[in-house]
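To start, the structure itself, in structure tokens.
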Amino acid sequence: MGTEIKLDYAFVADYAQVIDNKLTVVGASYTYVFTDVFPSTHMLSVAGRLRAPEGIDTVPLRIEVVPPNEAYTIGVDMELDHGPHVRPYDGKVGLLFAITMQVPLIAPGLYEVFLYVEGEQVRRLAFEAQAIEQHK
């Protein structure tokens, strides 16, 4: 990743959306998901902000979700750019992102979310999926 591009923050959430260069998030930074049965599915949002030089055109971002035992990989690629509401500050811009995807919960265990900027891994997030009866 270019030394001038930094990941300020990133998290998993129940819901996240970027509108007018503002990030709206509900249920952020959880570490556990409970389900009645395996397999099932889970709607997952991944959101955050990159700080980049004001003159940059686009920044490639990849988000990957990997379940226990690496049974599959779900990958989403996007290009972050200056939208009409992005305003420079101190020679930099904040590039917000939010992506929502349906993740198959194939088994109990640790699900990892990896973020890559310009092909370099910059963050690992994770949550544990458990059967609801284990939570009682």
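Only residues that are within 13 Å of residue 113 (Cα to Cα) and touching a Leu at 6+ places or on another chain (Cβ under 8 Å) were counted across region 28-47, and they come to 2. Figure legend. Inter-residue proximity from region 63-92: first residues within 14 Å of residue 45 (Cα to Cα) and hydroxyl-bearing (Ser, Thr, Tyr), second residues open to solvent by less than 70 Å² (accessible area, probe 1.4 Å) and outside any loop (DSSP other than H, G, I, E, B), beta-carbon distance below 8 Å, spacing 6+ or different chains. No pairs are indicated. If the condition is being farther than 17 Å from residue 127 by Cβ and either assigned to a strand (DSSP E or B) or β-branched (Val, Ile, Thr) (or both), then region 44-64 contributes 49, 50, 51, 52, 53, 56, 58, 59, 60, 61, 62. Inspection of region 65-78 finds a residue satisfying the criterion of being part of a strand (DSSP E or B) and open to solvent by 70 Å² or more (accessible area, probe 1.4 Å). Working only within region 77-114, note down all residues that are on the phi < 0 side of the Ramachandran plot and among the acidic types (Asp, Glu). Listed by number, the residues that qualify are 77, 79, 81, 112. When region 87-107 is filtered for residues that are surrounded by fewer than 16 Cβ atoms within 10 Å (Cβ to Cβ) and either part of a loop (DSSP other than H, G, I, E, B) or in contact with a helix residue (DSSP H, G or I) (Cβ under 8 Å, 6 or more places away or on another chain) (or both), the ones remaining, listed by number, are 87, 88, 90, 91, 107.
Which residues, counting only those in region 108-117, are of a type outside the set (Ser, Thr, Tyr), farther than 24 Å from residue 131 by Cβ and either open to solvent by 20 Å² or more (accessible area, probe 1.4 Å) or in a helix (DSSP H, G or I) (or both)? The answer is 114, and nothing else. Criterion first (more than 13 Å from the chain's Cα centre (by Cα) and touching a residue at least 60 places away in the same chain (Cβ under 8 Å)) does residue 108 satisfy it? So residue 108 fits the description; yes. Residue by residue through region 1-37, note down the ones that are more than 18 Å from residue 65 (Cα to Cα) and of a type in the set (Asp, Glu). Once the filter is applied, which keeps residues that are more than 18 Å from residue 65 (Cα to Cα) and of a type in the set (Asp, Glu), region 1-37 yields 4, 8, 20, 36. Does residue 14 satisfy the condition of being open to solvent by 40 Å² or more (accessible area, probe 1.4 Å), over 12 Å from the mean Cα position of the chain (by Cα) and either charged (D, E, K, R) or at pLDDT below 95 (or both)? Judged against the criteria, residue 14 is not a match.
The values are calculated or read from the model by the stated rules, or taken from the named source; none is laboratory data. Here the structure is a predicted model, which is why all the values come from computation and not from measurement. When we count neighbours, we look across all protein chains shown, and the Cβ atoms used for this are built from the backbone with ideal geometry, even at glycine. Please note that ligands, DNA and RNA were not included when accessible areas were found on the heavy atoms of the full protein model with its side chains. Shrake-Rupley method; radii C 1.70, N 1.55, O 1.52, S 1.80 Å.
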